[in-house]
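The values are calculated or read from the model by the stated rules, or taken from the named source; none is laboratory data. Keep in mind that this is a model prediction, so the values were computed, not measured. Note that we place each Cβ from the backbone using ideal geometry, even for glycine, and neighbour counts take in every protein chain shown.
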Amino acid sequence: MQDFKINLDRDLVFFDVETTGLNVIRDRIVQIALIKLRKNGQAAEELSMLINPGIPISEESMAIHGITPKDLANKPTFAQVAQKIWDFIGNADLGGYNSNRFDVPMLMEEFSRVGMEFDISRRRLIDAQRIFYKMEPRTLKAAYRLYCQKELEDAHDALADVRATVAVFQGQIRAYEGKDLLDEEGNIVPAPIKNDIQAIHEFTNDLNFVDATQKLRVQMDGTVVFNFGKYVGESVKAVLARERHYAGWIIEKEFSSQVKQYIKQVLKEMEGGK
C-alpha cells in the first residue's frame, strides 16, 4: 500500500463486507473491514469487525466466507456499531471491488434500518472491478485478439462472430488445458479446463441455480428453493404441494422458459408422471 502514492484531495475509504446472502434488501452484514487512506499522507487506518446480523446466514454464504452463527453469537449488532462505522468513514469517498453494485448499497440499507441516512450524492465512488472490466474488455473482439493473435474482421456479422467464437473456444482449450486455477478464495482447482465438454460445462455454468434468471436456487443438499417472492428460501416442491395454484401463477406470468419448464416438471412428478 505504501509503494505507490495515490493523489487524494479527500480521504478515501476502501471497504468490503461479508453478508448473510446476496440480496441487498433482505440480507445483512456479518463482517465489515475498512481502510482509510488519508489525504494528508498520514498512515492508513484500518477497522474490521464481526457483526451479529440477527437473521440466519445462508449455507452458500457460509461456504464462501466461513463465518458461522457461533462466530457471531457474542458480537455486536449493526445498530451497536453503526456510529463507529459512520464516524470512521466521515466525509470520505468510498472504494471497493464490485462495491457500487453490492457493498455500498448493502451498507446504505444497514444504516437506513437504524435511522441513519447515509448520503452518497456528494461522495465519489471508486470501483476497482469497473476499472478492470473497462481496461481489460470482455468482448469477443478482445478474446479473439488474445486467444487467436488476430484482429476480428466483420465483427457483429453473425456468421463471422460465431466462427470467431469457435476459434476462441479452441484457443482457450489450448491455452488452459492442464493448468491449475487459483480461485477467488485462494483455493487451487486442479486443471478445470479439459478437452471434454462435460468438464467445461460444469466449469462455465453456475450450478447453484436452475435457471439463468436465478429465480430457482439449488441448496447444498440439492434441494431447489425459490429465490424470489414470498416463498424465497422455501422448497419449490414443498410450496407447490400445498399451494398448487402458485405453479399456475408462475406459468402465466413473465417468468423465463427455464423456470416454467422446471415448474411443469415438478407438477408432472407430483402427479406420478402422468
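At least 1 residues being among the polar types (S, T, N, Q) is the threshold, and among the strands (runs of 3 or more DSSP E) wholly inside segment 26-111 those reaching it are 29-37, 45-50. Within the option set VAL30, VAL24, being of a type outside the set (S, T, N, Q), within 22 Å of LEU125 (Cβ to Cβ) and touching a residue at least 12 places away in the same chain (Cβ under 8 Å) holds for one residue only, VAL24. Scanning segment 119-136 for residues that are of a type outside the set (S, T, N, Q), in a loop (DSSP other than H, G, I, E, B) and exposed (fewer than 12 other Cβ atoms within 10 Å of the Cβ) turns up ASP119, ARG122, GLU136.
The selection criterion, being under 12 Å from ILE32 (Cβ atoms) and among the aromatic types (Phe, Trp, Tyr), does not hold for PHE118. Residue count for segment 248-265 under the criterion of being over 16 Å from SER235 (Cα atoms), of a type in the set (Ser, Thr, Tyr) and surrounded by 13 or more Cβ atoms within 10 Å (Cβ to Cβ): the result is 1. Exactly one residue out of PHE203, PHE169 is of a type in the set (A, V, I, L, M, F, W, C), under 21 Å from the mean Cα position of the chain (by Cα) and part of a helix (DSSP H, G or I), and it is PHE203.
Of these, ARG174, ARG217, ARG163, which one is among the basic types (Lys, Arg), outside any helix (DSSP H, G or I) and at negative phi? None of the other options fit; the residue is ARG217. When the residues of segment 1-25 are filtered to those that are assigned to a loop (DSSP other than H, G, I, E, B) and within 21 Å of the chain's Cα centre (by Cα), which remaining residue is surrounded by the fewest Cβ atoms within 10 Å (Cβ to Cβ)? Out of the qualifying residues, it is ILE25. For segment 248-255, check the following and say yes or no: at least one residue is more than 17 Å from THR213 (Cβ to Cβ) and not assigned by TED's automatic domain parsing to the domain that holds GLU59. Within segment 248-255, one or more residues are more than 17 Å from THR213 (Cβ to Cβ) and not assigned by TED's automatic domain parsing to the domain that holds GLU59.
Close Cβ contacts (under 6 Å, 6 or more residues apart or on different chains) running from residues in segment 36-63 that are over 10 Å from THR19 (Cα atoms) to residues that are in a loop (DSSP other than H, G, I, E, B) and at pLDDT 95 or above comprise LEU50/LYS75; ASN52/LYS75; ILE55/THR20; ILE55/ARG28.
A single member of GLN172, GLN149 is modelled with pLDDT of 90 or more, outside the structural domain of LYS260 (by TED's automatic domain parsing), surrounded by 11 or more Cβ atoms within 10 Å (Cβ to Cβ) and of a type in the set (S, T, N, Q), and it is GLN172. The lone criterion from (1) at pLDDT below 95; (2) under 26 Å from the mean Cα position of the chain (by Cα); (3) not small (Gly, Ala, Ser) left unmet by LYS70 is number (1).
Note on segment 191-210: among residues that are surrounded by fewer than 12 Cβ atoms within 10 Å (Cβ to Cβ) and not acidic (Asp, Glu), the one that is nearest to ASN227 (Cα to Cα) is LEU207.
A search for C-beta distances below 8 Å between a residue of segment 105-118 that is of a type in the set (Phe, Trp, Tyr) and any residue that is not in a helix (DSSP H, G or I), counting only pairs 6+ apart in sequence or on different chains, returns PHE111/GLU117; PHE111/PHE118.
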